[in-house]
Structures are given as C-alpha cells and as structure tokens.
1. Need pairs with beta-carbon distance below 9 Å; first residue closer than 27 Å to P407 by Cβ and aromatic (F, W, Y) and within segment 449-474, second part of a loop (DSSP other than H, G, I, E, B) and within 8 Å of the ligand (Cβ to nearest atom); sequence gap 6+ or separate chains.
2. Which residues, taken from segment 480-523, are of a type in the set (F, W, Y) and near the ligand (Cβ under 9 Å from one of its atoms)?
3. Within segment 460-473, does at least one residue satisfy the condition of being more than 16 Å from L492 (Cα to Cα) and either small (G, A, S) or buried (at least 21 other Cβ atoms within 10 Å of the Cβ) (or both)?
4. Checking T524 against (1) touching a Ser or Thr at 6+ places or on another chain (Cβ under 8 Å); (2) under 27 Å from R352 (Cβ atoms); (3) of a type in the set (S, T, Y), only one condition comes out false. Which one?
5. Scan segment 178-222 residue by residue and report those that are out of contact with any strand residue (DSSP E or B) (no Cβ under 8 Å at 6 or more places or on another chain), outside any loop (DSSP other than H, G, I, E, B) and modelled with pLDDT of 85 or more.
6. Report yes if R476 is within 13 Å of the ligand (Cβ to nearest atom), surrounded by fewer than 16 Cβ atoms within 10 Å (Cβ to Cβ) and within 23 Å of F363 (Cα to Cα), otherwise no.
7. Which number in (1) in contact with a Ser or Thr (Cβ under 9 Å, 6 or more places away or on another chain); (2) buried (at least 17 other Cβ atoms within 10 Å of the Cβ) marks the one condition that L327 misses?
8. Considering only segment 84-116, state which residues are among the hydrophobic types (A, V, I, L, M, F, W, C) and in a loop (DSSP other than H, G, I, E, B).
Amino acid sequence: MKGSSARATGGQPRRRLFALALLLILSLSLGAALAFQAIQTSRRHRETAERALEDYAGFAAFILASQTYRQLGGAVVQSLGSWQPGVGPGAVPPGTTCEGGTTYFEQTSGSHTLHLIGASLPETVTGALTDTLHNAMNLLEEVGWRFRYIRIHTGPPDGFFLTSFKEPNGEYGVRGFSACLAGAESPFRAIMLSEHALPPAIAGSTPADSMFSVAVTAGGDRQLFHSPVSYASPFEGSARLGTEFGDLTLAVQLRADIANRLVIGGIPSSPTPLAAGLLGLSTLLVVTALLQLKREYELITIRSDFVSNVSHELRTPLSQILIFTELLKLGRLRTKAERDRSLDIIDQETRRLIRLVENVLQFSRSSAERRPMQCQDLGLPLVVNETLDAFRPLAAARGATLRSVVPAASSVKADRSALRQIMLNLLDNAVKYGPKGQTVNIEVLPINGRTRIVVDDQGPGIPLEDRERIWQGYYRLQRETNSAVAGSGIGLAVVRSLATGMGGTTWVEDAEAGGARFIVELETGNGEGL
Ligand code: ADP
C-alpha cells in the first residue's frame with residue numbers, strides 16, 4: 001500500500017529525471033566524440049604540415065647541393081682545364097686552399113712517380129695518394145670524369161680534386177690539387193650566402209642563412225662545414241653533392257620558429273589541451289547536474305515516502321476515533337467506565353491528530369509563512385506540568401510513567417505554544433520508541449545562564465552516527481524501515497526549527513540509564529513569568 005502510493009506520487013517525475021540524466025550523458029558522449037574528431041582532424045593537418053616542412057628541408061638541401069655542385073664543380077673544372085704541364089693551374093677555386101698552400105700533382109699513366117708542384121705533403125699522404133691514383137687510373141680512363149674529389153686523409157688537406165688527361169701518346173694521365181674545404185673561408189659558406197634555397201614564393205625575402213643551418217659531411221661523420229648558427233629542429237633534409245664529390249653530403253635543418261611562416265595558415269597547434277580542458281569542464285558540469293538529479297530523485301523518494309507515512313499516521317487515530325464514536329452512538333458501551341474510557345481514547349487520538357497536523361504545517365511552511373514567535377518569560381514549572389498532564393493519558397496508554405524534576409524558580413524566554421509542541425514531540429518519541437513500562441524523565445537544568453529541558457527515555461537510544469541526521473526532515477533511522485512504529489520523520493526537524501527560532505539549540509546524547517537523552521537549551525528567563 002505504502003509502496004504503491006509512493007510509486008503513484010513519484011513515478012512520473014522519476015521517469016523525467018531518468019530521461020534528463022540520459023540526455024546529459026548522451027550530450028557528454030556527443031561532445032567527447034566531437035572533441036575526438038576535432039583532435040584527429042587537427043592531428044592530420046599537423047602531420048601534413050610537418051611533412052611539407054620536411055619536404056621543404058629536403059628540397060632546400062637538394063637545391064643547395066646542386067648549386068654547390070654547379071659552382072664549386074665549375075670552378076674546379078675551370079682550374080683543372082687551365083692546367084699548364086709542369087706548372088699547374090692558373091688558380092684554384094676560392095676557399096679550397098690549405099694553410100700551407102696548395103699542392104699540385106701530375107702523374108702519367110706509364111709512371112708510378114707522382115710529380116708534385118707547390119706545397120709539400122706528408123709522406124704518408126703522398127704514398128696513399130700514389131696508391132689511390134694507381135687504382136683510380138683505369139677508372140678515370142674508362143669513365144672519363146670531368147673531375148673527381150677523393151679523400152685519402154683525415155687531416156688537412158681534406159682531399160684532392162683530380163681529373164684525367166690524354167697524353168700525346170694517347171694514354172691517360174692524372175692531374176690534381178689538394179683542397180681544404182673545411183677552412184674558414186669554406187666555399188660552402190659562400191654558396192649558402194649567395195643562394196636562395198627555397199623559391200621566393202615560399203621563403204619571401206628571408207635569406208637562406210636565417211632559414212636554415214647547413215652542414216656538409218664527408219663519409220657521414222667528418223664535418224667539413226657547418227653554418228655559423230645551428231638551428232635545432234625536427235625538420236631536416238639532406239642531399240649528396242653529386243657523384244664527382246664522392247661521399248660529401250649536405251644536410252639542412254629548417255629553423256623551427258620560421259617553419260610556422262612557411263606553411264600557409266601556420267602549423268595547426270594541437271587542440272588536445274583545449275579540447276581536453278573543455279571536455280573536462282563539461283564532464284564536471286554534467287557530473288554536477290547528475291548529482292543534482294540524484295538529489296532530486298532522493299527528494300522525490302523522500303517526499304513520496306513522507307506522504308505515505310503521514311497518511312499512515314493519520315489513519316490510525318482516525319480509525320480509533322471512528323470506532324469509539326460508533327460504539328458510543330450505537331449504545332454498545334454499557335457501563336459508565338467503558339464510555340469514559342472511549343471518550344478518553346477519542347480525546348487522546350484527536351490530540352495526536354492535532355499535533356501531527358501542527359507538525360506537518362510547521363514543517364511545510366516556509367519561515368516567512370510561519371506564525372511569528374511570541375517569546376516571553378515563561379515559568380517552567382507551569383508549562384512543563386500542563387504539558388505533562390496533557391500527555392499523561394497517552395503515556396499511560398503505552399504503559400509509560402512520566403517523572404519530572406523542575407526547579408521552582410526555573411524560567412525560559414520562549415513562545416508558549418512552540419515550547420509545548422517541542423516537549424510534546426520529544427515525549428511522543430520517548431514513549432513511541434521506548435519499551436512498555438519504561439519511565440520517561442523530564443528534567444529542567446539551569447546551566448551557565450541558559451536553561452536545559454532534558455527528556456530521557458529507556459529506549460534503544462540513537463546511534464552516534466545518526467545523532468545529527470535525525471534532526472533533518474524526513475530522516476528516520478534504518479531500524480524503523482520494517483518496524484510497526486509509525487512516523488513521518490519530521491517531529492525532530494520541527495523541534496529544532498522551533499528551538500532555533502527562539503534562539504535555542506538542540507542535541508541528543510545517551511541517557512544515564514541507557515536510552516536517548518534529548519536536550520533543548522533555551523535562554524533563561526528573568527523570572528517574571530513564574
Ligand atoms: P518520526 O518519529 O515521525 O519518525 P522524528 O523526526 O520525530 O520522526 O524522529 C526521527 C527518527 O529519530 C525516528 O524515526 C527514530 O528513528 C529516531 N528517534 C527519535 N526519537 C527517538 C527516541 N526517543 N528513541 C529512539 N529513536 C528515536
């Protein structure tokens with residue numbers, strides 16, 4: 001019955017809450033999917049831009065390597081072409097001369113002797129050069145190189161430029177000169193400064209040495225040249241200088257902070273932090289909304305339980321009143337004692353009904369709607385005794401004895417009917433939750449300028465963890481779930497709200513003889529109301 005009434009009251013709103021929660025979760029998932037999509041798209045854009053930048057670096061390396069090949073190669077060919085037998089070339093390409101000067105050499109095909117002109121070379125170098133030339137002779141003859149750069153030594157000179165020539169007897173000889181490409185006046189530096197590595201449409205007017213750092217290495221490890229400034233960057237490319245230069249490689253590193261200018265629209269920045277931040281924020285909002293919905297759900301449950309509990313509480317006294325009124329009307333009660341007892345029951349149950357209705361009204365009205373408190377000086381002996389007298393029949397019906405200790409001079413500043421309602425609620429709980437035959441003690445204790453009204457019972461008491469929660473509206477202890485004791489969970493909330501309204505405080509502790517001790521502390525009166 002209780003359950004079906006709760007369902008009837010709360011079913012619709014509950015379904016709406018579920019639908020709302022579902023919608024919230026769906027929109028969060030949709031947001032997450034969109035954020036994921038945005039991150040993916042931007043990652044693809046970024047990857048494309050990065051690939052383009054790597055291509056630019058590779059392209060720049062290729063252009064610079066081709067220029068080097070053309071300019072340096074052209075100058076070498078020109079030098080070797082202007083060779084005068086026994087003398088050497090008119091000049092060597094700028095930037096290739098070693099500190100001690102250039103060594104020229106000539107070797108005819110028939111001879112094993114290297115004819116050296118100009119600066120001398122260490123013997124080891126001369127020996128290695130002679131062997132290399134001997135081995136290379138056939139190759140030079142067959143392929144007919146315009147020139148060739150060979151490395152045979154790790155220190156200066158870096159290597160030798162050489163070419164083949166046809167002797168008058170039709171055989172091939174070799175001519176060449178030493179070169180120091182790693183020198184301060186490296187030819188690569190000049191080329192780098194003079195060339196546009198990228199088309200102006202991409203690079204604008206930025207000079208090559210502001211866009212790239214360039215390194216030329218021999219055999220992948222020995223560095224012959226490095227541009228003065230070195231840019232660390234993930235965008236790099238390299239190109240071989242051309243077959244004639246042997247194993248020389250030119251590597252380019254694109255300056256990272258200029259890379260952004262080279263891609264139309266710039267390198268897309270990763271939206272992940274922003275998307276993650278926004279997603280986190282929406283998750284937070286959705287979680288807050290879901291918590292709010294959960295709270296709504298709990299409230300709906302509480303309210304529907306409350307309606308069902310109040311109806312249940314109303315039904316018992318009403319049926320009692322009905323039964324005894326009918327018995328009286330039908331004249332079924334013969335003796336005066338029976339009739340008096342019936343009237344007593346009708347009287348008690350009516351009072352219970354009134355108290356319940358007062359509690360519900362007090363609880364459901366907002367503070368603005370409540371009757372204003374009329375606090376005055378109240379002599380406690382009178383008020384407590386009146387209240388106990390009114391309550392005694394009910395206590396007696398439940399086999400409880402009421403005992404009170406009220407100092408004759410005690411008084412409080414309180415609203416009379418509020419104070420009565422407070423005491424009746426506490427007494428009602430004491431007899432409701434305590435055992436049959438118990439004694440309920442009411443004591444008034446003036447302490448430190450304030451006065452405590454204490455109600456002790458011999459019931460099960462209140463577990464520590466519930467001592468604050470029981471003062472909240474609708475809250476009933478777990479043990480009440482299946483008990484026969486009817487209640488709506490608002491009695492103590494009313495007690496606290498009334499006491500607070502009069503500047504008082506309320507709490508619960510263990511009674512000395514076991515059971516619960518409820519305490520209401522109010523401002524002490526000045527004794528005028530005694
Ligand atoms: P109700 O009695 O209508 O359920 P109350 O607000 O008066 O609501 O009390 C809240 C809960 O506190 C009760 O349901 C009961 O579990 C517990 N309680 C109140 N008074 C006592 C008491 N004197 N002894 C034991 N438990 C009590």
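1. none
2. Here is the first cut: in segment 480-523, the residues of a type in the set (F, W, Y) are 507, 518.
Once the filter is applied, which keeps residues that are of a type in the set (F, W, Y) and near the ligand (Cβ under 9 Å from one of its atoms), segment 480-523 yields only F518.
3. No: zero hits.
4. Checking T524 against (1) touching a Ser or Thr at 6+ places or on another chain (Cβ under 8 Å); (2) under 27 Å from R352 (Cβ atoms); (3) of a type in the set (S, T, Y), the one that fails is (2).
5. P187, R222
6. Working: within 13 Å of the ligand (Cβ to nearest atom): yes; surrounded by fewer than 16 Cβ atoms within 10 Å (Cβ to Cβ): no; within 23 Å of F363 (Cα to Cα): yes.
So R476 does not fit the description; no.
7. Going through the list (1) in contact with a Ser or Thr (Cβ under 9 Å, 6 or more places away or on another chain); (2) buried (at least 17 other Cβ atoms within 10 Å of the Cβ), L327 breaks only (2).
8. Step one: list which residues in segment 84-116 are among the hydrophobic types (A, V, I, L, M, F, W, C), which gives 87, 91-92, 98, 105, 114, 116.
Result: V87, A91, V92, C98, L114.
The values are calculated or read from the model by the stated rules, or taken from the named source; none is laboratory data. Only a predicted model underlies this, so the values are computations on that prediction, with no experimental measurement involved. For neighbour counting, all protein chains shown are included, and Cβ atoms are generated from backbone atoms with ideal geometry for every residue, glycine included.
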